[in-house]
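To start, the structure itself, in structure tokens.
The values are calculated or read from the model by the stated rules, or taken from the named source; none is laboratory data. Just so we're clear, the structure is a prediction, and the values are computed from it rather than from any experiment. Virtual Cβ from ideal backbone geometry, glycine too; neighbours counted across all protein chains shown.
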Amino acid sequence: MRPVISILKKKSFWLVFIISYVMIFSFILYSCGYFEKFDMDIYDHYSRTYRKNVKLNSRIKVILIDDASLKSLSPELGRWPWKRSIYRDIIRFINMGNPRAIYFDIFFIEGDLDKKNDDVFAQAIKESGNVHLGMNFVDETEKSLIHETLPELINKKFSLNIRNSNEVLFKQYKSYMLPFPKLVDSTKSLPVYTFNKDSDGIHRQAEIIYKFGNHYYPSLALSALMELCNTHEVHLNKHTLKIGNFTIPLRSNGKVLLNWYPSDHEILSIGGILASWQQIIEGDINNLIVDPSIFKDSIVIIGASAVGLNDLKATPINVALAGSELHATLLSNILNHDLMLSIDKKYVIISVIIIAVITTFSIVYISHIAKYFIAVILLLCYGILSRFLFVRFNLYLPITPVLFTAVMAYLISLIYISFTETKEKLRIRRTFSKYLAPAVMHEVLRKYGDLEPEVGKKIEATILFSDIRSFTTISEYYPVELVVKLLNEYFEVMINSIHLNSGTLDKMIGDAIMAFWNSPILIEDHSLRAVETAFRMQELMVVMNEKWKKDGYPHLRIGIGINTGEAIIGNIGSSTRLDYTAIGDNVNLASRLEGLCKVYSAKIVISEFTYAYIKDIFPCRILDNVRVKGKLNPIAIYEPLKKEETHIAEGWNKIFESYLQRDWNRTELLLLAFMDTYPGDALAKIYYKRIVTYIANPPEDCWDGICILETK
């Protein structure tokens, strides 16, 4: 029993198990055709999206009996069906342009009420010598409707002469519909016009050869191709059909996958043909609606698109496309060497294996967060490849089997991970989540097992220090329990505001808070976020004081110092105790700036380095140029203000310019005016005292406006 348990605990066992299970299940579904519907939907999307700039072969002309023609010719020809003699005029007009062949995609199953019209039509077909009618094969299941054999005349005269034929799984038809005998005797050939839709009602595939009994019959497109190639020899094997210089790839079911054209190609109206014929009869040959010369050496297909004539097909590009246009599409695909190719199943199977292995391995073995995106990236690449093959090589690469495999492998692997490796991480998270910022917590979990003291990385960061004013006095005056309660509420609110703005809590030192931005999560606007957080902390302090006032608790004030610069950030400590922290001169400077809040009666003090990043977003007023203890170079310090306080910053900065110019009297006047406008401004009062002193005792000539601070 123990060896079995030992095996079950190994990742390698579960890796092989998951991959095998996913592949077998995917292969079964793929073999049974469960993915085909979804892949055909993708194929439809490709056809609509990436076939906008292709054109129908110019040697194919489609003439349609449309609704407009039925309406315009109704006074002369009456209601449909028209008298058959009218087709003689159509044949004669088209033959004026010397076409290669004319195909009527119209079924003439029964004779005309007036037999003379049939005689006229049959005679016109025979005289023309290039007119082809069609028959229809039906897949009947009711025995009473089944015609087991075609007439021997049909077999001898119209069946295909196939050479080098290996057995291909063509569909076996059991019933048929033929034109009435007089037309069968007249037509040059009798191709099959049948189109079968897919299970969802969409026409995507076409049969190019039809089987009835032991004989094979061409489609309209194949018959037209034989006319163009002037041959009746067809060479067939399992994968291709060859006629003349054309090689037609066949799918495993003997069909071809159509490659669609946009619906904006030229379609001729039967009304225009008859009107042009009438013009010729009347001698008006200069302004013909349709010039018969356009039919020279072409294949002409005559069909119907009128709604009531029941020959509209649903396709990927059009919900109601005339059946004649399907024939034209197939023929154009062949002539343009533009048929859609189906990729060999073995390549799909190989893709399924690769995606199953990579997805499962990445989830089970890779600890980096990137593992969750590997499968997505692979699928995107596969999708791009599928699109590329479709657009560039007319090759459709099925997407659904690979997508299903990736999703299944992904989900099963995640289930495995959730029951195994996450258990230890959950224990760590429960232990440390109260002390570490979410970003640091993520870093700890990501590096679990590899954490050790390190030098850290030098990163530009923005560091924030906050401190409660006169907290020592409050601690001495109020009970310890109350002090702890207030601190807990204070820290809860302040730390949450830091985390919400993507900050990392470094530590709490007594009543002080240290936090920084831009590590471990890189943030482009880290200075802005730190200042926004400082404003939010001051706003929250007002809210808490209002609440505490009702409870009789003391009023608290905080000062915040912010600096931006390079710092060493990383896991620093001993092998038994690590802190994710920031150290360096810029960290110390942020701490000094927090201490300057009480010196300048400011709520927030930022360095010139932070100011450079936020000056275009928040108005700031300069507090002073100072040289803090431990630093040789002076820095400018600022107080950021809210956007609605821009006028305060502008007014104050003019005063400070005058101050730096040693114009004490002007500065005094400006200060007095400023204090009249803003009587509660503490900074103005500080500078007024300084100016009064300088007026009485001017500083030395070497005075540079820098204030030297000797205390921390």
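With closer than 30 Å to ARG627 by Cβ and free of Cβ contacts under 8 Å to residues at least 12 places away in the same chain as the only criterion, which of ILE562, ILE509 stands out? Break it down stepwise before answering.
Values: ILE562 fails: free of Cβ contacts under 8 Å to residues at least 12 places away in the same chain.
Selected residue: ILE509, the only one of ILE562, ILE509 that is closer than 30 Å to ARG627 by Cβ and free of Cβ contacts under 8 Å to residues at least 12 places away in the same chain.
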Of the criteria (1) surrounded by fewer than 17 Cβ atoms within 10 Å (Cβ to Cβ); (2) in contact with a helix residue (DSSP H, G or I) (Cβ under 8 Å, 6 or more places away or on another chain); (3) in the same structural domain as THR405 (by TED's automatic domain parsing), which one TYR34 fails: (2)
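Filter segment 686-699 for residues that are loosely packed, with under 14 Cβ neighbours inside 10 Å and either among the aliphatic types (A, V, I, L, M) or modelled with pLDDT under 90 (or both) and give the result. Before the answer, list the steps.
Let us first name the residues in segment 686-699 that are loosely packed, with under 14 Cβ neighbours inside 10 Å, namely 689, 692-693, 695-699.
The answer is VAL692, ILE695, ALA696.
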For segment 358-374, enumerate the residues that are at pLDDT 85 or above and among the aliphatic types (A, V, I, L, M). ILE358, ILE374
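Which one of MET508, MET514, MET544 is surrounded by fewer than 20 Cβ atoms within 10 Å (Cβ to Cβ), of a type in the set (A, V, I, L, M, F, W, C) and in a strand (DSSP E or B)? Lay out the reasoning, then the answer.
Numbers: MET514 fails: surrounded by fewer than 20 Cβ atoms within 10 Å (Cβ to Cβ); MET544 fails: in a strand (DSSP E or B).
Within the list MET508, MET514, MET544, the selection yields MET508.
If only one of ILE569, ILE521 is of a type in the set (Val, Ile, Thr) and in contact with a strand residue (DSSP E or B) (Cβ under 7 Å, 6 or more places away or on another chain), which one is it? Spell out the reasoning first.
Numbers: ILE521 fails: in contact with a strand residue (DSSP E or B) (Cβ under 7 Å, 6 or more places away or on another chain).
From the options ILE569, ILE521, the qualifying one is ILE569.
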For segment 268-289, state whether one or more residues are assigned to a helix (DSSP H, G or I), surrounded by fewer than 18 Cβ atoms within 10 Å (Cβ to Cβ) and of a type in the set (Val, Ile, Thr). yes
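Among THR329, THR360, which is buried (at least 22 other Cβ atoms within 10 Å of the Cβ) and under 30 Å from ALA406 (Cβ atoms)?
Working: THR329 fails: under 30 Å from ALA406 (Cβ atoms).
The match here is THR360.
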How about segment 50-94: which of its residues are crowded, with 17+ Cβ neighbours inside 10 Å, among the basic types (Lys, Arg) and outside any helix (DSSP H, G or I)? ARG51, ARG59, LYS61, ARG84
Does ASN130 satisfy the criteria of being modelled with pLDDT of 90 or more and either hydroxyl-bearing (Ser, Thr, Tyr) or more than 23 Å from SER305 (Cβ to Cβ) (or both)? yes
Within segment 319-326, identify whether any single residue is within 23 Å of ARG79 (Cα to Cα) and of a type outside the set (A, V, I, L, M), and answer yes or no. yes
Looking only at residues in segment 255-304 that are under 22 Å from THR315 (Cβ atoms) and of a type in the set (D, E, K, R), which one is modelled with the lowest pLDDT? ASP264
Would you point out the residue of segment 478-487, among those that are assigned to a helix (DSSP H, G or I) and loosely packed, with under 10 Cβ neighbours inside 10 Å, that is farthest from the chain's Cα centre (by Cα)? VAL480
